[in-house]
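Colleague: Before we start, here is the structure in question, set down as structure tokens.
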Amino acid sequence: MNNRASVERVMGFCNKAEYREFVETVLGFEQMLARSHNPMAARTLVRANDKRLARLDIIKDVLSRLHYAGKDKRLIRPHPQIVFAYDVPNLENGQPVQDLNAALPSCT
């Protein structure tokens, strides 16, 4: 289960009843998302520990998928430790399995 339930409860964004409902339903929701992954509607995972860096890399990922004149592929390539393909091991670990020890870039 993602850490959203804990964060929202601690930060006061949900009450106890909402927290219980989230905990009871999130696993089914995540399993539904996992089952809906297919080549025509592929899922992408984003490590968002650094929100600013995650947002920038999501924008890069979207731009890299679009076709437009003057596209510079070097500038819009997302970091593979931040934006990566859906795969069950990646989903469970929250990071690309093949890159577990790779260093993340700094957003300073």
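The values are calculated or read from the model by the stated rules, or taken from the named source; none is laboratory data. Keep in mind it's a predicted model, so treat the numbers as computed, not measured. Here Cβ is always computed from backbone atoms with ideal geometry, including for glycine, and neighbour counts include all displayed protein chains.
Colleague: I need the full set of residues from region 49-92 which are closer than 27 Å to residue 29 by Cβ, surrounded by 14 or more Cβ atoms within 10 Å (Cβ to Cβ) and of a type in the set (S, T, N, Q), in order please.
Modeller: Scanning region 49-92 gives 81, 90.
Colleague: Among the residues of region 1-42, which ones are in a loop (DSSP other than H, G, I, E, B), of a type outside the set (Phe, Trp, Tyr) and modelled with pLDDT under 80? Talk me through it step by step, then tell me what you get.
Modeller: First, pick out the residues of region 1-42 that are in a loop (DSSP other than H, G, I, E, B): 1-3, 11-15, 36-37, 39-40, 42.
Narrowing the set further to residues that are of a type outside the set (Phe, Trp, Tyr) leaves 1-3, 11-12, 14-15, 36-37, 39-40, 42.
1, 2, 3, 11, 12, 14, 36, 37, 39, 40, 42 - these are the residues of region 1-42 that are in a loop (DSSP other than H, G, I, E, B), of a type outside the set (Phe, Trp, Tyr) and modelled with pLDDT under 80.
Colleague: Would you point out the residue of region 31-48, among those that are surrounded by 10 or more Cβ atoms within 10 Å (Cβ to Cβ) and without any contact (Cβ under 8 Å) to a residue 40 or more places away in the chain, that is farthest from residue 83 (Cα to Cα)? Can you show your working first?
Modeller: Keep residues of region 31-48 that are surrounded by 10 or more Cβ atoms within 10 Å (Cβ to Cβ), which gives 31, 33-34, 37, 43-48.
From what's left, without any contact (Cβ under 8 Å) to a residue 40 or more places away in the chain: 31, 33, 46, 48.
Details: 31: 20, 33: 17, 46: 5, 48: 9 Å.
Checking each candidate, the answer is 31.
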